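Laboratory data are not the source of any read-out in this text; all were calculated from the coordinates shown. Just so it is clear, the model here is predicted, and its values are computed rather than measured. Here the Cβ positions follow ideal geometry from the backbone for every residue, glycine too, while neighbour counts run over all protein chains shown.
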Amino acid sequence: MRHMLFTAALAAAVLATPALAQRDPAYAAARAAGQVGEQPDGYLGIVGTATPELRALVNNLNIQRKKQYTDQAAAGSTVQQMAFVTGCNLILRTAPGEKYQAPDGRWLTRGAGAPVRDPRCL
């Protein structure tokens, strides 16, 4: 039963998190320009130089993500588990040319192949 709740919560989190960001044209522009990328911990990171505007954008989106992870964690997992699993899936869903953070901390640009993900990602 707990596994079913976790799976349902995970599915909801994975679908809802990117939807929030897609509504923000500044996020789409920063992502397309390679200024931001997905991190393995489920949060958005800044690639390169952080301007005050970019920092504010990333902080705002990460606050929204943490709220979603917290809400979903009430269904039987921790906030960190929800964030990690979502991070695995968001990295997997990056498009070629988009930035993401590898498990070793390097920022990589997604190519045609699969992204480099944490070995704990399913």
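Roughly what percent of Cα-Cα pairs across segment 48-100 reach past 14 Å? Counting pairs separated by more than 14 Å, the tail of P(r) holds 64 percent.
Listed values for segment 99-113 are Karplus-derived 3J(HN,Hα) couplings in whole Hz (6.51 cos²θ - 1.76 cosθ + 1.60, θ = phi - 60°), namely 8, 8, 9, 6, x, 7, x, 6, 8, 10, 9, 5, x, 6, x, and x replaces Gly and Pro.
In sequence order, segment 28-45 has phi-based couplings of 4, 5, 5, 5, 5, 7, x, 7, 10, x, 7, 10, x, 7, x, 10, 7, x Hz under the Karplus curve 6.51 cos²θ - 1.76 cosθ + 1.60, θ = phi - 60°, and Gly or Pro positions carry x. Among 78-87, 55-64, the peptide with the highest mean count of other Cβ atoms within 10 Å heads the list, and the full ranking is 78-87, 55-64.
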